[in-house]
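Data first, discussion second: the structure below is written as structure tokens.
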């Protein structure tokens, strides 16, 4: 069985720490709106950067390469009190 080098162990530790610092995907809900915009509902305390990553992933499914934030607002939903609205761009 091959042993992991120190570099590989260090790399794995860094990757684990970086993914642990973000908001888990269960803290978001992606909504495709009828006007072509992408809505990302987020839990309280979620980072906008994490919401943007999900919007970019959703935009790539439609052939667009990026997402630009259009609006951020609070909602009356107790589970997802924030919504970020993105527009897909090339």
Within the stretch 58-74, track down each residue that is farther than 14 Å from residue 29 by Cα and in a helix (DSSP H, G or I). 59, 60, 61
Which count do you get for residues in the stretch 32-57 that are in contact (Cβ under 8 Å) with a residue 40 or more places away in the chain and exposed (fewer than 15 other Cβ atoms within 10 Å of the Cβ)? 2
Subset of the stretch 58-71, residues surrounded by 11 or more Cβ atoms within 10 Å (Cβ to Cβ) and in contact (Cβ under 8 Å) with a residue 12 or more places away in the chain, comes to 58, 59, 64, 66, 67, 68, 69, 70, 71
Every residue in the stretch 37-57 that is under 9 Å from the mean Cα position of the chain (by Cα) and outside any helix (DSSP H, G or I), please. 40, 47
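Coordinate-derived values only; no laboratory data. Everything numeric in this text was worked out from a predicted model, so none of it was measured. A quick note on method: Cβ atoms are made from the backbone with ideal geometry, for glycine too, and the neighbour counts reach across all protein chains shown.
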